[in-house]
Amino acid sequence: MNADVAVIGTGVMGSNLARNLAGQEGLRVALYDLDVDRARAVAANHPEAQFLVATSPAELAGMLRTPRVAILMVNAGAATDAAIGSIAEVFAPGDIIVDGGNSHFTDTIARGRRLAETGIEFVGVGISGGEVGALEGPSLMVGGSDAAWERLRPLLTPIAARAEVPGSVAPVPCVAHIGTDGAGHFVKMVHNGIEYADMQLIAEACTILRDGLGLTPAQISAVLTEWNAGELESYLIEVTAEVFAHTDAATGRPFVDVVADAAGAKGTGAWTAQSGLDLGVPVPTIAEAVFARSLSQAADLRAQGEALGGPAPADTAPADRLGEAIETVRRALFMGKILAYVQGFDEIAAGAREHGWDISLGELASIWRAGCIIRARVLNRIVAAYEAQPELSSLLAADDVRQSLEADQAALRSTVGDAVAAGIAVPALASALAYVDGLRTPRSSAAIIQAQRDFFGSHTYGRVDRPGVFHTLWSGDRSEVEV
């Protein structure tokens, strides 16, 4: 019996995606893994899926209907290259290899070019939603040719998450053709960068609630649950509320108090920050979220830092002002969240220009409304902003976003100021505020920097009063020359 699609790599993500595919009516799925026993175990544990298990790439190719489709769910890097190489040897022109892992987009571009010489289509698909999303419906960001998308559309659309959209009769599938070659993995990378920022912003807000306002973990959980009923509604707020409500069975202590404060990372956040630098796009809130994780793991450095002096612990807010103080933190968090999206979408727009991708930012926001980790109510507003003004140069230019930022700026400024005075580290919130101040100031400190550069390196400068490029003869008579 022939299979319609293959899933290569049967770890948790791969096996769950394979089960999702097998659950679609009339679809038969083949599995292949270097660890054949693991693939067989997945098939045995899920007999309802009726998986076919291949023991070699050649056997897998023989199982698949032509033109073939194989989805790689293996670790990024060398493992992906090895898997592509083994499958390409047994596939034919017109077949499609899909990389569903978290590959760097430049690797995806290079792999696609190499496979193009063989006639095999290569597609990079960003998959967001974690283990549950892979099984129940992820958000899918497809990067590849139009022809490959037309063939993959009927395969991927049924397994994608569905978003309940205001004004829409039926739920909207969270899958889209983002652009050619590496576009899918690029936007998935930035999605993860926004995720880093959102998680850090939430963590900082919770730390302020506890260390600055004196709330208990149970009280913080209740606050987050209330926030999740309003404009801050999101998957990350929801899970954070559950984390704060959880009690450690072994100690009876709040779960958050027994978790080591050293956060891990898998690289996509750092890639987003690096790509922002390469493109010349400021993404400071995303970058600070990455650095915060690095700092959390710097055990020796932190041990030395504990000896440093600092402000005394903050006084908690009076009971009659506690509600007001909590609301100020909520508004600050919402503004930080909006700014993380602004930065991420600006980077995506710049990446599209750089690589020649035709990316619809409104459509992208639309498919992030369900399935993915950063799904949130605010994405409805972002989608609406792009629908109202399709040619937006930045989300900052959207009327709704601008009004929100103006309304919540005082809350962000107050929250950051109070946290700094109390010695509470808020790098993401502070960077969001500095980003706003850097944008709104009519004249920035960059004039000083450029003057310094001209002094020690003859890097030249522009003038505000007339066009041209100039240099001052600092080591001579300090006259100015036009270059």
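Derivation of every value follows stated rules applied to the coordinates shown; laboratory data play no part. These numbers were taken from a predicted model, which means no experiment stands behind them. Virtual Cβ from ideal backbone geometry, glycine too; neighbours counted across all protein chains shown.
If you look at just the Cα atoms of the stretch 57-195, how large are its Rg and its Dmax in Å?
15.0, 49
Taking K and R as +1 and D and E as -1, what net charge do the other residues with C-beta under 9 Å from the C-beta of residue 388 add up to?
Residues close to residue 388 contribute a combined charge of -3.
Over the stretch 179-282, what is the relative contact order in whole percent, taking alpha-carbon pairs under 8 Å and six or more residues apart?
The normalised contact order for the stretch 179-282 reaches 30 percent.
What percent of all Cα-Cα pairs in the stretch 259-417 falls in each 5 Å bin, counting up from 0?
Percent of Cα pairs in each bin: 1, 8, 12, 15, 18, 16, 12, 8, 5, 3, 1, 0.
Over all directions, what mean area does the Cα convex hull of the stretch 257-311 project, stated in square nanometres?
5.5
Which order do the peptides 155-164, 473-482 take when ranked by the mean count of other beta-carbon atoms within 10 Å per residue, highest first?
So the peptides 155-164, 473-482, ranked by packing, come out 155-164, 473-482.
Determine the dipole magnitude for the stretch 426-483: charges of +1 sit on the beta-carbon of Lys and Arg, -1 on that of Asp and Glu, nothing else is charged, the reference point is the Cα centre, and the result goes in debye to the nearest 20.
180
Quick one: if you stick a label point 7 Å off each Cα along the C-beta vector at residue 303 and residue 425, how many nm between them?
Output for this residue pair reads 1.6 nm.
Calculated FRET efficiency, residue 320 and residue 394, Cβ-Cβ r, R0 56 Å, to nearest 0.05?
0.85
Can you compute 3J(HN,Hα) from phi for each residue in the stretch 306-313, using the Karplus curve 6.51 cos²θ - 1.76 cosθ + 1.60 with θ = phi - 60°, rounded to whole Hz and x for Gly and Pro?
4, 7, 6, x, x, x, 5, x
For the stretch 359-483, what is the largest minus smallest coordinate of the Cα atoms on each principal axis, given in angstrom and ordered from greatest to least?
Sorted largest first, the three principal extents are 64, 43, 25 Å.
Along each of its three principal axes, how wide is the spread of alpha-carbon positions in the chain, in whole angstrom units, largest first?
Principal axes ranked by extent give 78, 68, 51 Å for the Cα atoms.
What FRET efficiency comes out for the pair residue 312/residue 131, r = Cβ-Cβ distance, R0 = 51 Å, nearest 0.05?
For R0 = 51 Å, the calculated efficiency reads 0.70.
Summing Lys, Arg as +1 and Asp, Glu as -1, what charge do residues with Cβ under 13 Å from the Cβ of residue 422 carry, residue 422 excluded?
-3
With unit charges on the beta carbon (Lys/Arg positive, Asp/Glu negative), name the residue among 425, 414, 341 whose Cα is farthest towards the positive pole of the charge dipole of the stretch 313-426.
425
Determine the sum of side-chain charges near residue 9: Lys and Arg each +1, Asp and Glu each -1, restricted to other residues whose C-beta is under 15 angstrom from that of residue 9.
The answer is -3.
What do you get for the angle between helix 322-355 and the principal long axis of the chain? Use alpha-carbon atoms, 0 to 90 degrees, nearest ten.
60
Mind listing which GluC sites (Glu not before Pro) in the stretch 305-353 are in a DSSP loop and have 15 or fewer other Cβ atoms within 10 Å?
In loop regions of the stretch 305-353 (DSSP not H, G, I, E or B), the sparsely surrounded GluC sites (Glu not before Pro) are 306.
How big is the C-alpha Rg of the stretch 137-232 next to the rule-of-thumb value 2.2 N^0.38 Å, as a ratio?
1.51
Rounded to the nearest 20 debye, what is the charge dipole size of the chain about its Cα centre when +1 sits on each Lys and Arg Cβ and -1 on each Asp and Glu Cβ?
The calculated dipole for the chain is roughly 280 debye.
So for the stretch 331-483, averaging the separation of alpha carbon pairs under 8 Å that are six or more residues apart and normalising by length, what relative contact order in percent results?
Answer for the stretch 331-483 is 18 percent.
Could you grab the relative contact order for the stretch 1-147? Cα pairs under 8 Å, six or more apart, rounded to a whole percent.
23
Which value at 222 nm does the chain reach when only helices count, each DSSP H run of 4 or more adding -39,500 (n - 2.57), with the total divided by all residues and rounded to the nearest 500 deg cm²/dmol?
Calculated mean residue ellipticity at 222 nm is -16500 deg cm²/dmol.
For the chain, build the charge dipole from Cβ charges (+1 Lys, Arg; -1 Asp, Glu) around the Cα centre, then report which of 364, 352, 229 sits farthest towards its positive end.
Checked the options; the winner is 352.
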